[in-house]
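The values are calculated or read from the model by the stated rules, or taken from the named source; none is laboratory data. These numbers come from a predicted model, not from an experiment. No Cβ is skipped: glycine too gets one built from the backbone with ideal geometry, and neighbour counts run over all protein chains shown.
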Amino acid sequence: MNFPKKIGLLVTITLLATICAAQEAPKGIDGSRGLAKFTDWMLANPISRNSAANGCWSPDTKSAPTDAELDTMLKTALLPGSAHMLTPSHFVVIRDFAEQKKILSGMDGMVSPGTVAILVLADALRDKEHHKEAYNDWYQQMYYGILDAGYSLGYLNLAAISMGYRTHCYAFLNIPVNGKVDFSNGGKFSLIQGNNWDVAKYLSSKDGSVKFVHTVGAESMGKQGPVSKDIAADGDLTLLAIMVIGKIDQGKVDAVSSATNAMRPQNFNFWDPQDGKSYGNVGGLPSIDKPDAISGATEKK
């Protein structure tokens, strides 16, 4: 990110405080809903804060976030700065259950009628010959779009959780490549440099009446350039991940089984700790033996 660390920290703190103050907090957080209370809740609920497991989504269509809630989440997600304004992320919300299943290869339990799937896309990743917009004959291919998309996705995740929803991020790229789904290709940079992902269908409205527009900054295009430029989303944006947002089916799934069983190692260190000895992670997984504040359930080990 191209802004000082102190400013970035201030933006993050202000953002989270605003989210928690403005929205209904998840059950288990007391009425003050400040930044400290939100982080306390996150740390105290190792199960409920974790990525939702497949097959646990509520089928009730009312469990999906409303358009107004999504508007808040997505505006929050797009608050972080991007490299010279040239790599802003782009999100596309899909409510249609059949389309959600199709995008995620039809696998059972990954979505439900009570979820929305959000396509996470980025610009400036493709080789020039695969990028439709020339930016006034100027184009700089950068991998910063990946970093910026990840940054925005983190904000989206926090915003969704702060509003009482659960999330699951599928990264990445399960949309068919040349008509076929190939899970072995995940993570290969070559796939985001070309035009391999068939997302054109989702870069205009379902009825085809509106073609989506992506706004890119023009800070580095020369002093004579505009402050921003609108380009067609189709032909320029690349899919990176899919975020599913919804609520857990409380009547059928308990708190433990509703969370993924992914490892959460404490991978952080202090290079020069205040006490000269507490350097952080020394390996291994933490032991979580206290219950969730919400459910009273302890995490599976």
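Observations on the model:
- Per the listing Gly283, Gly276, the residue uniquely of a type in the set (Gly, Ala, Ser), part of a loop (DSSP other than H, G, I, E, B), over 30 Å from His130 (Cα atoms) and modelled with pLDDT of 85 or more is Gly276.
- Qualifying residue in segment 92-103 (condition: assigned to a loop (DSSP other than H, G, I, E, B), crowded, with 16+ Cβ neighbours inside 10 Å and on the phi < 0 side of the Ramachandran plot): yes
- For segment 26-77, a residue qualifies if it is more than 12 Å from Ile248 (Cα to Cα), among the hydrophobic types (A, V, I, L, M, F, W, C), at pLDDT 85 or above and buried (at least 17 other Cβ atoms within 10 Å of the Cβ), and the qualifying residues are Leu70, Met73, Leu74, Ala77.
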